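Below is one structure; the comments refer to it alone.
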Amino acid sequence: MEEYPLYTVPEIRQFQDILLNGLHEHPDRIALADLNPTPIQQVTYAQLFENVLRFGAALKQMGIRERDHVAVIAENRVQWGIAYLAITTFNCVAVPIDRNLQENEILTILHASDARAAVFSESYRDMFESFLHDVKGLEFLVDMDITAVRGAVRSMKAMIEGVELTMDASAFPKVDPEALSILVFTSGSMGRAKGVMLSQRNISTNLRAMLQMLEILKEDRFLSVLPMHHTYECTCGFLCPLVQGASAHYARSLKTVAEDMRSVKPTILLGVPLLFDKMYRRIMQAISEKKLTAAIIRPLQAITGMLERAGVSGVRRKVFSEVHAQFGGAIRILIAGGAAPDVEVSRGFRALGFSFLQGYGLTETSPILALNRLYRFKDEAAGVPLPGVSIRIDDPDSRGRGEIVVAGDSVMQGYYKNETGTREVLQDGWFRTGDFGYVDEDGFLHINGRKKNVIIARNGENVFPEEMEDEVNRIPAVLECVVYGKKGEDGDERIAVMIVPDANVVYEHAEKAAKDVTPEYVQELLQNELRALNSRLPAHKQIRDVVVRETEFEKTTTQKIKRYLVNSEDSTH
């Protein structure tokens, strides 16, 4: 597999560099735009610079001191980006908070983060007004939506409009790129969240390395659907386009993504595997309903693939133009992150003429560690390490699989006020990811699963639930599942699965079989599918128990199932 050169990227040491570069190189290009109606619905690069400068100065006039911690919570919008950049470029610490957390979880983060101020959208105003009395040190509240002061709450828009200052770089304070600048509380898919301490150097290093691997053009339009508080979306979907002079457009909601794509005509879409899985299923469902199309789809994919390998580019895009039109007709790249996508989905999108890439990373690494490239990729791999990232496999087994341990300038400073947790994962400059994987002969990193989730089979083999879940999720009647280990009567750990059935598929099966949909019928249908799957698996990986669950699993905002909440004995949630 041939290497090809890295791309040239502007020098970035801190976020002020991004704003100044945008002002000088692309002043009149759109930087950020909301599809929902908001007080600041769209900004050019010049307007972004001015708004950030004004809001940063206004925070200072309000009483915020350098190094103070300022929380930000809102739906994805232009003002979220302005607030984040103003806080960090004015030498304070941004604390992005997951907008879908429960009130007590938000309260816990405010306490744990030592937030002195909070910037939020209107839907959180009542909550934060009550927090003023509950959170020690919380003094200032700023609402993104109101137009004037209401009690103890200030208006972000009025603050921006009420500042008079010189619009040049001299208004920025000096920032130490090595200092704590972003305090991110992890999604907690494995349990209690921790405060990850990141510097502007951490994130700037990651941005540059990622952009050296993947060419982003100033003409690119990103459609943002993932929550901005999450480091994957913040680094890759928000800051990344700003470095290159591209634009980020904020979808109205997950439910309107299809419509928003037709409106924005994005060239790049970042998503998590669950989002792409659902999109791919819908596409294939629509194709299967057109019986003539369904009959010729596979031969067409094979022929167009052969032509493209022979050097005739763009054939798939033309042949499957109807599918591309559903994505707005301009998609250049689909990028999956946050978890490993199903290989069949990756290859399926590629067979339809989409460039589909995946990467791997963690909040603690700012976040990207490995990435597939447009012309150097493996759909079954997480990618190759970014420039400046060192990866080694700790204590590998006979197949070369072990814990992935990494080092580089994008690795976090540690966990906030948690020395024990920091020592557990940061040792001699190396970060223990908690993920199992291996590096193949071409230098590609492959992820097997989380160390904490590994099931030790009777023969001593490691079974990774995530790999098994990929297999089970390919069954059409399965909407989602969790694979886990369950002690048998003999004391050995058996492979078990909890499944949420896909109601539409189950009813279609029942209708064809002229049967009623009963719990017994659903159980039998799934058991039959799992027997067929087991026949293709080695004995130590075969699924011995199945539990049917009626409602979907609780998930983080990046759509990871909260495994620690799954009760393997309960099928009635």
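For region 191-208, state whether one or more residues are without any contact (Cβ under 8 Å) to a residue 24 or more places away in the chain and more than 23 Å from residue 44 (Cβ to Cβ).
Yes, that holds for at least one residue.
Going residue by residue through region 25-47, is there one that turns out to be crowded, with 21+ Cβ neighbours inside 10 Å, hydrophobic (A, V, I, L, M, F, W, C), more than 25 Å from residue 232 (Cα to Cα) and touching a strand residue (DSSP E or B) at 6+ places or on another chain (Cβ under 7 Å)?
no
For every residue, the table says whether it meets (1) assigned by TED's automatic domain parsing to the domain that holds residue 106; (2) more than 27 Å from residue 242 (Cβ to Cβ).
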position	(1), (2)
138	yes, yes
145	yes, no
149	yes, yes
161	yes, no
165	yes, no
183	no, no
194	no, yes
197	no, no
202	no, no
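Exactly one condition in (1) of a type in the set (Lys, Arg); (2) assigned to a strand (DSSP E or B); (3) without any contact (Cβ under 8 Å) to a residue 12 or more places away in the chain is false for residue 432; which is it?
(3)
Looking at (1) touching an Asp or Glu at 6+ places or on another chain (Cβ under 9 Å); (2) farther than 30 Å from residue 234 by Cβ, can you tell me which one residue 470 breaks?
Exception for residue 470: condition (2).
Consider only pairs whose beta carbons are under 7 Å apart and that are at least six residues apart or on different chains; among these, list those whose first residue lies in region 505-525 and is assigned by TED's automatic domain parsing to the domain that holds residue 545 and within 13 Å of residue 476 (Cα to Cα) and whose second residue is among the aliphatic types (A, V, I, L, M) and at pLDDT below 95.
Taking only residues 6 or more apart or on different chains, the pairs are 506/517; 507/517.
Suppose we filter 51, 76 for residues that are farther than 22 Å from residue 180 by Cβ and either among the β-branched types (Val, Ile, Thr) or assigned to a loop (DSSP other than H, G, I, E, B) (or both); which single one remains?
76
Where residues in region 405-425 are out of contact with any helix residue (DSSP H, G or I) (no Cβ under 9 Å at 6 or more places or on another chain) and under 18 Å from residue 206 (Cβ atoms), which of them is surrounded by the most Cβ atoms within 10 Å (Cβ to Cβ)?
405
Can you list the strands (runs of 3 or more DSSP E) lying wholly within region 191-277 that have 2 or more residues being over 19 Å from residue 80 (Cα atoms) and among the hydrophobic types (A, V, I, L, M, F, W, C)?
In region 191-277, the matching strands (runs of 3 or more DSSP E) lie at 195-199, 268-271.
The values are calculated or read from the model by the stated rules, or taken from the named source; none is laboratory data. Owing to the predicted nature of the structure, the values given are computational and were not obtained by experimental measurement. Quick reminder, even Gly has a Cβ in these numbers, built from the backbone with ideal geometry, and neighbours come from all protein chains shown.
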